[in-house]
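K.L.:
This is the structure I want to talk about, given as structure tokens.
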Amino acid sequence: MSAERPTVSIIIVTMNSAAFVGKALDSIKALTYAADRVRTVVVDHASKDNTVALIRDGYAWVSLIAETVNHGFAGGNNVGMKRYPADYFALVNPDVVLDPNWLTHIIDVMDADANIGVGGSKIFYGGGQLLQHAGAMFHDNVLTYHLGDHEPDNGQYDVQRDVDYVMGAAMVSRGALTRELGYLPEDYFPAYYEEADFCTQVRRAGYRVVYIPKAVAYHDEKHSGSGTMSVTFLRRYHKHRYLYALRNLTTAEERLKFITMERDWRGKYANDRNSRMLLLYSKLINWRWLIRRPWLFRV
């Protein structure tokens, strides 16, 4: 029976992840999906701690790729996916713990509907009490928001649904489609918005991006800095928000909606000098794109 199941390459990108990647790997080892159809790949970005030694010594079943540079989230995942092709690619963060049935639920849903290009998870914060993600959406100015974020799980997100994108911390994509689309876009270095852009390309190619509530994961997110509202996070987030807009908003209607909402949002939430300077920096750092697509200068 297992030979009939699709093959899956699970990709984890690490960088100084020794304190938590073991839990992620232990949860992968405990998956109920046919083990002989799964390959787990760790792409390490020149860790200075004992991440590489930990995996080599304690997880001999893992295919380890020890890189000497940091390729970013997209680039690191692309290294693993290109090296180990499969019917499906599962991207898992090193600070994520998977429910034992996580992979089985996602593959069952995607295998039953060839129109689903990407499947996402119900993701809890590490403590398991509050939701972090039940699918994600864009506002008109491509600010992102996660359905269910910081809500207790009372079954309100137990219905499978199409979404704009899913979180790259625990998501699955079709192997052939991923290769056709050129893998994850590496312009978003080191992180943020790459999975959003990839899911946009999946939808543009005529496939669905689907939140699958039975596929459950737990995300500590201690090492990434996401959502901390630090200056570093905000600069990267808005830099990549503007980059996403420049790459993907191609019609006059889309751009007008962006400009209208951006002006309204800035007036309400980003009208002090520090916020204006941060947003200006985040915009101008994309100057190569701005030269070709100057419409963003209107805000």
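K.L.:
Can you give the accessible area per residue of segment 1-62, in Å², using a 1.4 Å probe?
P.N.:
On the way: 2940 Å² over 62 residues.
In whole numbers, segment 1-62 has 47 Å² accessible per residue.
K.L.:
Further question: Relative to the longest principal axis of the C-alpha atoms of the chain, give the angle of the C-alpha long axis of helix 252-269, reported between 0 and 90° and rounded to the nearest 10°.
P.N.:
80
K.L.:
I've got another one for you. Expressed as a whole percentage, what fraction of the accessible surface of the chain belongs to carbon and sulfur atoms when a 1.4 Å probe is rolled over the protein heavy atoms? List each step's numbers first, then the result.
P.N.:
Numbers: 6880 of 13600 Å².
Carbon plus sulfur share of accessible area: 51 percent.
K.L.:
Give the angle, between 0 and 90 degrees and rounded to the nearest 10, that separates the Cα long axis of helix 231-248 from the longest principal axis of the Cα atoms of the chain.
P.N.:
Computed tilt is about 80 degrees.
K.L.:
Ok, one more. Pull up the DSSP beta bridges for the chain and report the antiparallel fraction as a percent, rounded to 5. Mind dumping the intermediate values first?
P.N.:
Working: 19 of 43 bridges.
Given both bridge residues lie in the chain, the antiparallel proportion sits at roughly 45 percent.
K.L.:
Given a cut-off of under 8 Å on Cα pairs at least six residues apart, what relative contact order in percent is computed for the chain?
P.N.:
Working: 569 pairs, mean separation 55.9, N = 299.
Computed value for the chain: 19 percent relative contact order.
K.L.:
Using only Cα atoms, tell me the angle between helix 273-284 and the longest principal axis of the chain; keep it within 0 to 90° and round to the nearest 10.
P.N.:
70
K.L.:
What per residue convex hull volume, in Å³, comes out for segment 31-149 when only alpha-carbon positions are used? Before the final figure, lay out each step's value.
P.N.:
On the way: hull volume 18.6 nm³, N = 119.
Normalising the Cα hull of segment 31-149 by residue number yields 156 Å³.
K.L.:
Separate question: Would you calculate, for the chain, the mean residue ellipticity at 222 nm contributed by helices, counting each DSSP H stretch of 4 or more residues as -39,500 (n - 2.57) and dividing by all residues, to the nearest 500?
P.N.:
Values: 10 runs with 111 residues, N = 299.
Calculated from helices alone, the mean residue ellipticity at 222 nm is -11500 deg cm²/dmol.
K.L.:
On a 1.4 Å probe surface of the protein chains, which of HIS45, HIS146 comes out largest in accessible area, and what is the full order? Present the calculation step by step, with values, prior to reporting the outcome.
P.N.:
Numbers: HIS45 5, HIS146 60 Å².
Reading off the accessible areas and sorting them downward yields HIS146, HIS45.
K.L.:
Moving to a separate point now. Can you give the charge dipole size of segment 1-146 about its Cα centre, rounded to the nearest 20 debye, using +1 on the beta carbon of Lys and Arg and -1 on the beta carbon of Asp and Glu?
P.N.:
The calculation lands at about 280 debye.
K.L.:
Sorted by accessible area (1.4 Å probe), largest first, how do ASP99, ASP44, ASP87 line up? All intermediate terms of the calculation are to be shown ahead of the outcome.
P.N.:
Values: ASP99 45, ASP44 0, ASP87 80 Å².
So, going from the largest accessible area down, we get ASP87, ASP99, ASP44.
K.L.:
Mind checking Rg over Rh on segment 121-190, alpha carbons, Kirkwood formula for Rh?
P.N.:
Working: Rg = 14.0 Å, Rh = 13.8 Å.
On the Cα set of segment 121-190, Rg over Rh gives 1.02.
K.L.:
Using alpha carbons only, how many angstrom separate the centre of segment 262-288 from the centre of segment 172-219?
P.N.:
27
K.L.:
Let me ask something else. Contact order normalised by length for segment 28-114, with contacts defined as Cα pairs under 8 Å and 6 or more residues apart; what percent is it? Don't jump to the answer; show the numbers that get you there.
P.N.:
Details: 69 pairs, mean separation 33.3, N = 87.
Dividing the mean separation by the residue count of segment 28-114 yields 38 percent.
K.L.:
Quick one: plug the Kirkwood hydrodynamic radius of segment 142-284 (C-alpha pairs) into Stokes-Einstein at 20 °C, 1.002 mPa s, and report D in µm²/s.
P.N.:
Values: Rh = 17.0 Å.
Roughly 126 µm²/s, to the nearest whole number.
K.L.:
Out of these labelled values of percent of Cα pairs over 36 Å apart, (i) 33; (ii) 15; (iii) 24, which was calculated from the coordinates shown here?
P.N.:
Answer label, from the structure shown: (ii).
K.L.:
Then there is this: Please calculate how many Å² of accessible area segment 100-236 carries per residue, with a 1.4 Å probe and no DNA, RNA or ligand atoms counted.
P.N.:
On the way: 5650 Å² over 137 residues.
Value returned for segment 100-236: 41 Å² of accessible area per residue.
K.L.:
To the nearest 20 Debye, how big is the dipole of the chain about its Cα centre, given +1 on the beta carbon of each Lys and Arg and -1 on that of each Asp and Glu?
P.N.:
Here the size comes out at about 1260 debye.
K.L.:
Take the residue pairs LYS82/LYS257; LYS214/LYS268; LYS29/LYS82; LYS29/LYS239; LYS23/LYS48 and return only those whose Cα atoms are more than 26 Å apart. The partial results should precede the final answer.
P.N.:
Values: LYS82/LYS257 37 Å; LYS214/LYS268 38 Å; LYS29/LYS82 22 Å; LYS29/LYS239 37 Å; LYS23/LYS48 19 Å.
Beyond 26 Å between Cα atoms: LYS82/LYS257; LYS214/LYS268; LYS29/LYS239.
K.L.:
Let me check I have the definition right: for segment 211-299, take the eigenvalues of the Cα gyration tensor, multiply each by 5, take square roots. What are those semi-axes in whole Å, largest first?
P.N.:
Details: eigenvalues 136, 68, 39 Å².
Working from the Cα gyration tensor, I get semi-axes of 26, 18, 14 Å.
The values are calculated or read from the model by the stated rules, or taken from the named source; none is laboratory data. Quantities reported herein were computed from a predicted structural model and do not represent experimental measurements. Glycine gets a Cβ as well: all are built from the backbone with ideal geometry, and neighbour counts include every protein chain shown. For accessibility, only protein heavy atoms count, side chains too; no ligands or nucleic acids. Shrake-Rupley method; radii C 1.70, N 1.55, O 1.52, S 1.80 Å.
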